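S.K.: Got a structure for you, written out below as structure tokens; questions coming shortly.
Every number in this text was worked out from the coordinates using simple rules, so none of it is lab data. Remember, predicted model here, so these are calculated numbers, not experimental data. Cβ placement follows ideal geometry from the backbone for every residue including glycine, while neighbour counts extend to all protein chains displayed.
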Amino acid sequence: MSGEQGAAPGDAAGRAGRVPGGAAGGPAEAGAAAGEPVEAGAAGAGRAAGRREMVACLGLTALGCLLVLLAGGRDWVRVTSGGVTVPTGGELSPVLTPLALAALAGVVAVLATKGAGRRIVGALVALCGAGAGLGVWSALGADGVAAWLRERNVLRGASEIPWEAVPLWPVVAGAGAALVLAGGVLTALRGTRWAGMSARYERAASTSAAEGRKAAGRDDRDLWDALDRGDDPTDSR
């Protein structure tokens, strides 16, 4: 009897070291567990920084698209004589609106892609910005504006219509194109570091899995505790 009583503490310690699911372990496991919060905190900070960078980049890109669309619908030419139809930016450069809309769709596509696909989308958005910038540059060519005025105001005959550019809207469109170009380049270079729309669900799934493992560990510990107390864990009473 005394031998059995002397062996009981050792048996309990052995069982504590053999907790099913690896709930208990040696110093190495304890050190790893202590380091997990630090690593998790660093990973969380990195994800937060990447999320802020993505929001800023996509926000500026979308703003650039809206500036191009806004400026494209405004008159870019002013004439001194009355009764003359003047062109908008979109009429002088028909590529502005389609490119701005395509870049805006690219902003949404960035959220739905990752990896190499996101790089491709970023490159396409950058091309849209470059194309819009070239469209702004070519829109106010003297020959193009004069030809447009003659075609739309045929009742005035072949006489030249004096005109001058409205500087505000071409500048706004150019600034928007620059933002789209910069946003596309940044997305192509750093977009692979940003989280996508599915990352939220992936994190939720991993959190659920971790909670399941913790619950299993608690069940195992409760089983051993019941055995230590002399209780029968299979007894439903």
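S.K.: Pull out the extension gain between V166 and L134, defined as 0.36 nm times the separation in residues minus the alpha carbon to alpha carbon distance; nm, one decimal.
M.R.: 9.7 nm
S.K.: Measure off 7 Å from each Cα along the Cα-to-Cβ vector at A45 and D143, then give the distance between these two points in nanometres to one decimal.
M.R.: 6.0
S.K.: Moving to a separate point now. Can you give the local net charge around A142? Use residues other than it whose beta-carbon is closer than 14 angstrom to its beta-carbon, Lys and Arg +1, Asp and Glu -1.
M.R.: Numbers: positive: R150; negative: D143, E160, E164.
Here the count lands on -2.
S.K.: Counting Lys +1, Arg +1, Asp -1, Glu -1, what net charge surrounds G191 among other residues with beta carbon under 11 Å of its beta carbon?
M.R.: Details: positive: K114, R118, R119, R190, R193; negative: E53.
Result for the local shell: +4.
S.K.: Can you give me the Kirkwood hydrodynamic radius for the stretch 64-124, using every pair of distinct Cα atoms, in Å to one decimal?
M.R.: About 13.4 Å for the stretch 64-124.
S.K.: Let me ask another. Can you check what the Kirkwood hydrodynamic radius comes to for the stretch 70-191, Cα pairs only, in Å to one decimal? Working shown, then result.
M.R.: Working: mean 1/r = 0.0646 Å⁻¹.
Over the stretch 70-191, the inverse of the mean reciprocal pair distance is 15.5 Å.
S.K.: Sort the following peptides by mean Cβ neighbour count (other Cβ atoms within 10 Å, averaged over residues), highest first: 97-103, 176-182. Numbers along the way, then the final one.
M.R.: Numbers: 97-103: 21.4, 176-182: 24.4.
Those peptides, ordered most packed to least, come out 176-182, 97-103.
S.K.: Using alpha-carbon positions, what is the distance between the centroids of the stretch 47-92 and the stretch 119-140, in Å?
M.R.: 12
S.K.: Apply 1/(1 + (r/R0)^6) to the Cβ-Cβ distance of T80 and A105, taking R0 = 30 Å, and write down the FRET efficiency to the nearest 0.05. Walk me through the numbers on the way to the answer.
M.R.: Details: r = 41 Å, r/R0 = 1.35.
E(calc), rounded to 0.05, equals 0.15.
S.K.: Under the 0.36 nm per residue contour assumption, what length would be gained going from the current alpha-carbon distance of D222 and R52 to full extension?
M.R.: 56.9 nm
S.K.: Would you kindly state how much longer the chain becomes between E151 and L70 on full extension, computed as 0.36 nm times their sequence separation minus their alpha carbon distance, in nm to one decimal? Please report the intermediate quantities before stating the final value.
M.R.: Details: separation 81, 0.36 × 81 = 29.16 nm, distance 2.47 nm.
Gain on stretching E151 to L70: 26.7 nm.
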